[in-house]
Each structure stands twice: as C-alpha cells, then as structure tokens.
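The values are calculated or read from the model by the stated rules, or taken from the named source; none is laboratory data. Everything numeric here is computed off the predicted structure, so don't read it as measured data. Here the Cβ is made from the backbone with ideal geometry for all residues, glycine too, and neighbour counts use every protein chain on show. Accessible surface is based on the protein model in full, side chains and every heavy atom, while ligands, DNA and RNA are left aside. Shrake-Rupley method; radii C 1.70, N 1.55, O 1.52, S 1.80 Å.
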Amino acid sequence: MDDGRRASSAELEGLLVGDWREVSTGCWLIGFAQRWEFRAELHRRLRAGEAGRAAKGMAFALARSGQAADAKVLAHRLAADLGDPADRRHQPWVLGALLVVEERLGLELSGELLAPDGPWERWAEASTFHSRESAEWARLVRQWVELAEAV
C-alpha cells in the first residue's frame, strides 16, 4: 500500500504500458493505494479485451473501487469472454470482482450470466479451475479487498 501511495503517476503509467507482469503489479498498487485516477484506463483495457494475464490485478483494483461503472465493465468483459469454453484466462477473477461490487452496491448485473445453464455454468463445466462455484470466487476477491482495507 505504501509503495502504491509513494509511486508517482508517471511510475504507475510506466507499469501500465509494460509487459503483463508490470501491468499486474501496477493494478495491485492502484487497488491497494486507491489511485482511482487510473480507473478509466482499467475500464478501457477491460472493455477492449486487453487485460490478458493482468486481469486478476484489474479485477482486484475494480473490486476495491467498487463503483457501479466498475461493475458494468466487469459484467461486459465477463459476458464477452464466457462464450468460448476453451478460453481459460481470467473469468473467475472477473466474476468474483463483479459479485463483490454487486454485493457492496446492491446491484445485480450477473443474473443472466449465472442463470441455470447460462454462460457461467456452461463455461465452468468445461473449466479446469479448482471451483465452479461463483460464491467461491467472490469469497476470494472479497478476501483481497478486506486485506487491502485492513492495512
């Protein structure tokens, strides 16, 4: 958290244009330090499908931000990516972040995605991830957010 607060905007911008490791690090620093001036860039990347291997960090940062706009972007990305059962990247983390934001704000954008025989269920059936349960992914992301809020 301290590193995220100490980092200049230019340093964080530099991380966000690096490889996936640098982008992921930048996202975690943004989320821990609540550097919300970067939310628009995270939104842009998710909308454009540019999250790649850094999506886990982006999901954390947006779950920590917890705004309705964050939930909409997360729902958009998830809806776009659940259509391909062979795509095994970041869907659980994005779903977890979406559910955490929904819970916090009393929203429900995930209903169609989580419906019986819906996109998540079909995707999860083909998944090799350790859990198909949406609540499990929400629990994990919620733990990240709670850790960030506790330090």
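Some values worked out for this structure:
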item: Residue in region 85-104 that is most open to solvent (accessible area, probe 1.4 Å), counting only those that are out of contact with any Ser or Thr (no Cβ under 8 Å at 6 or more places or on another chain) and among the acidic types (Asp, Glu); result: 103
item: Residues of region 37-83 classified as small (Gly, Ala, Ser), open to solvent by less than 10 Å² (accessible area, probe 1.4 Å) and in a helix (DSSP H, G or I), total; result: 7
item: Criterion (under 17 Å from residue 134 (Cα atoms), at pLDDT below 95 and among the acidic types (Asp, Glu)) met by exactly one of 19, 81, 3; result: 81
item: Qualifying residue in region 139-148 (condition: aliphatic (A, V, I, L, M), open to solvent by 60 Å² or more (accessible area, probe 1.4 Å), within 17 Å of the chain's Cα centre (by Cα) and under 20 Å from residue 24 (Cα atoms)); result: yes
item: Exclusive hit being basic (Lys, Arg) and under 17 Å from residue 67 (Cβ atoms), set 142, 122, 132, 89; result: 142
item: Residues within region 16-36 that are more than 18 Å from residue 66 (Cα to Cα) and open to solvent by 40 Å² or more (accessible area, probe 1.4 Å), tallied; result: 6
item: Test: residue in region 105-119 that is modelled with pLDDT under 95, open to solvent by less than 10 Å² (accessible area, probe 1.4 Å) and either more than 16 Å from residue 63 (Cβ to Cβ) or out of contact with any strand residue (DSSP E or B) (no Cβ under 6 Å at 6 or more places or on another chain) (or both); result: yes
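Residue by residue, here is whether (1) at pLDDT 95 or above; (2) over 27 Å from residue 26 (Cα atoms); (3) not polar (S, T, N, Q) holds:
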position	(1), (2), (3)
43	yes, no, yes
60	yes, no, yes
123	no, yes, yes
126	no, yes, yes
129	no, no, yes
